[in-house]
Amino acid sequence: MTVWVDADACPKVIREILYRAANRLKQPLVLVANHVIPAPSSPWISCRQVPQGFDVADDYIVAQVSARDLVITSDIPLSAEVIEKGAGVISPRGEQLTADNIKPRLNMRDFMDTMRSSGDIGGGPAALGPRDKQAFANALDRYLARNSGAI
């Protein structure tokens with residue numbers, strides 16, 4: 001099992017949790033971004049820099065991911081694609097996305113896009129807080145324990 005990170009928008013605090021888990025569990029971790037992401041030197045951590053462009057990192061992850069892999073992303077369409085391939089998804093806020101809950105998330109995302117483009121609402125999600133960090137660490141531990149038997 002490999003942990004793939006949609007690293008373009010992944011908060012640094014979440015990447016640090018992932019680095020520690022990868023080294024502790026000897027679990028492959030791959031960060032994918034269209035710019036350089038600083039990462040610690042480790043045989044378990046690697047970075048893939050993809051060209052600039054819309055959804056290039058997402059497309060790379062979809063092409064590489066396998067069933068039972070884990071993807072860390074807040075991108076709902078990317079989540080839907082990797083879930084379809086049998087991979088797991090956890091958002092940086094610790095939400096596990098599954099085949100059972102991804103369709104309502106896609107519908108809400110489309111609705112919110114429509115509202116934002118019409119000017120009815122603005123902004124994005126609230127800043128990541130300590131509870132989100134803890135929720136992510138807990139969700140990651142649960143997923144890895146269940147799927148790799150390493151914890």
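The values are calculated or read from the model by the stated rules, or taken from the named source; none is laboratory data. This one's a predicted model, so the numbers in the text were calculated from it and none came from an experiment. When we count neighbours, we look across all protein chains shown, and the Cβ atoms used for this are built from the backbone with ideal geometry, even at glycine. Note: areas computed on protein heavy atoms with side chains; ligands, DNA, RNA excluded. Shrake-Rupley method; radii C 1.70, N 1.55, O 1.52, S 1.80 Å.
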In a Gaussian network model of the chain with springs linking alpha carbons closer than 10 Å, the residue among 83, 14, 37 that fluctuates most is 37
Globularity index of the chain, i.e. its alpha-carbon radius of gyration over 2.2 N^0.38 Å = 1.03
Euclidean distance of C-alpha centroids, the stretch 24-54 and the stretch 78-94, integer Å | 18
Environment charge of residue 133, counting only residues whose C-beta is closer than 14 Å and scoring Lys/Arg +1, Asp/Glu -1 | +1
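Taking 8 Å as the Cα distance limit and 6 or more residues as the minimum spacing, I'd like the relative contact order of the stretch 51-91 as a percentage. Please report the intermediate quantities before stating the final value.
Working: 43 pairs, mean separation 16.7, N = 41.
The normalised contact order for the stretch 51-91 reaches 41 percent.
Can you send over the carbon and sulfur percentage of the accessible area for the stretch 1-117, probe radius 1.4 Å, protein chains only? Walk me through the numbers before you get to the answer.
Numbers: 3230 of 6040 Å².
Carbon plus sulfur share of accessible area: 53 percent.
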Set of lysines near residue 26 by C-alpha distance (under 30 Å), chain-local residues within fewer than 8 positions excluded = 12, 85, 133
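Apply the a/c threshold of 1.5 to the C-alpha gyration tensor of the stretch 16-75 and tell me whether it is rounded, prolate or oblate. Mind showing how you got there, number by number?
Details: a/c = 2.17, a/b = 1.41, b/c = 1.54.
Verdict is oblate for the stretch 16-75.
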